[in-house]
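Note sheet for the following structure.
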Amino acid sequence: MIEKYTAQYAECWENCPVQVPHFARRYSNEDKLQKENYLNQFLETIKTFRKDRVRGKLFKEEDQKVFLKKMRGFLSNGLDFSDIQLELMFSDSMIGITRSFIQKAKTFDADLTFADIFQACRNMWIMNGLQLIMGIPMKVTPSVFAYSMLYPYTDNFIDDPAVSGYQKLQFSERFRHRLSGTMLNPGDKTENAIFRLVGMIEEEYPRTDYPEVYASLLAIHDAQTRSVELILRGDSISKREILNICLAKGGASVLADGYLVAGKLTDMQQYFLFGYGAYLQLLDDVQDVKDDYASGLMTVFSGSACRSPLDEKLNKTYWFGEHVMKSLDSFGGQHIDLFKSLMRRSMDLFIAEAIAQTPEMYSERYVTEYECWSPFHFSYIRKLKTQFESYNSLLLTAVEEFAFSDNLIMSDL
């Protein structure tokens with residue numbers, strides 16, 4: 001399954017055009033200044049709530065409404081999200097789902113950091129989007145919770161410099177055995193949490209009835225294991241191998257999302273989900289190109305970073321995403337246009353931010369042209385990085401400072 005889609009999307013990538021995309025709106029200098037003012041106002045809101053939290057203020061439901069109204073205003077006036085997009089993002093259903101997830105995560109493990117929970121939340125939101133277009137009620141099912149929570153644990157362990165390579169290898173092998181259905185006694189707290197999460201999935205999806213669910217979990221595990229080659233083999237790995245590993249890692253992850261949402265998938269659903277995940281992985285690699293290059297991690301972008309401008313590769317990534325979105329038209333689900341518009345707006349902002357953060361990776365002409373399509377001056381985005389790593393980090397801070405504060409007084413879920 002993974003090999004077939006990897007080959008198909010690798011061919012798609014190779015055939016994607018390299019011309020510069022053209023966006024619907026160009027932002028003048030006055031437009032940018034106005035939107036930067038909207039963001040500055042929202043940052044002041046965050047700072048005010050932060051001070052109140054430090055002082056021990058007990059937030060009430062009315063405080064939440066005020067904060068959410070200001071956040072919605074910024075997303076509308078500052079980032080140009082449409083009313084219909086914002087209706088979904090700020091619906092009672094989405095807010096309730098997110099609250100429920102946060103509470104479940106804290107109950108599951110009180111030692112998790114908010115950054116860990118937010119990372120899990122991001123995957124949960126992707127799965128909520130899949131529920132939406134599949135016509136499945138949006139909620140935190142046992143499998144949605146478990147799969148979203150798995151990777152803060154595994155990522156933290158794998159990224160921990162205090163853990164030896166041998167320990168990481170042993171962990172990877174034991175995790176694979178557990179995903180395969182072998183019952184093991186956990187060796188430590190992390191393994192105990194991970195094995196419990198796998199057990200939640202098994203309760204919702206019995207292995208005999210849903211073998212594809214577990215095949216998808218093994219596929220993402222194996223793809224992540226193979227991605228280690230991107231560091232170990234360095235310059236000895238071919239460009240096509242790098243591309244295949246990146247596509248497989250991202251594609252397998254979202255394909256697993258789909259199986260854990262629905263249990264069963266059609267061929268067209270599999271094709272789209274794999275492509276969607278591959279696209280998200282490419283965008284992550286665009287964002288991380290500087291750090292990947294410095295650490296020796298070979299990706300589609302870091303492999304040639306600092307040797308030649310990445311203009312054409314980023315253009316190919318944009319058109320790759322357009323191909324993925326076209327495949328969504330044959331998905332056979334619901335709310336396709338809404339999902340597609342949210343995906344396109346979010347990714348356009350993501351790409352503009354990536355260029356703003358690493359302009360040295362692109363030609364001067366390309367940076368200048370792309371800046372015309374950004375709602376903010378690139379210099380402003382770089383200045384913003386002194387406070388927040390990215391738009392996602394800005395959102396994380398906003399959420400952490402208010403929406404999920406430990407002393408928030410909320411109504412029942």
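Just so you know, all these numbers are worked out from the coordinates, no wet-lab data involved. On a predicted model such as this, the values are computed, not experimentally measured, just so you know. Heads up, the Cβs are rebuilt from the backbone with ideal geometry, glycines too, and the neighbour counts pull from every protein chain shown.
Observations, loosely collected:
- The radius of gyration of the Cα set in the stretch 279-363, together with its Dmax, comes out at 14.3, 44 angstrom.
- Listed by Cβ neighbour count within 10 Å, with the fewest neighbours leading, L338, L282, L217 appear as L338, L217, L282.
- Potential extension, R196-V163 segment - 0.36 nm per residue separation minus Cα distance: 9.7 nm
- Projected label points at E203 and E3, each 7 Å from Cα along the beta carbon direction, are separated by 3.7 nanometres.
- Listed residues P152, L384, Y166: farthest to the positive end of the dipole of the chain (Cβ charges): L384
- Volume per residue that the Cα convex hull of the chain spans, once the total is divided by residue count, Å³: 147 Å³
- Modelled this way, with points 7 Å down the Cα-to-C-beta line, the labels at Q19 and R365 are 1.5 nm from one another.
- Within the stretch 81-189: Cβ-based charge dipole about Cα centre, in debye rounded to nearest 20 (Lys, Arg +1; Asp, Glu -1): 340 debye
- Across the alpha-carbon set of the stretch 159-255, the Rg to Rh ratio works out to 1.01, Rh being the Kirkwood radius.
- Ranking of W13, W319 by count of other Cβ atoms within 10 Å, fewest first: W319, W13
- Here r is the Cβ-Cβ distance between E62 and K264 and R0 is 45 Å; the resulting FRET efficiency, rounded to 0.05, is 0.50.
- Here the chain is assigned +1 on the Cβ of each Lys and Arg and -1 on the Cβ of each Asp and Glu. Its dipole about the Cα centre then comes out at about 540 debye.
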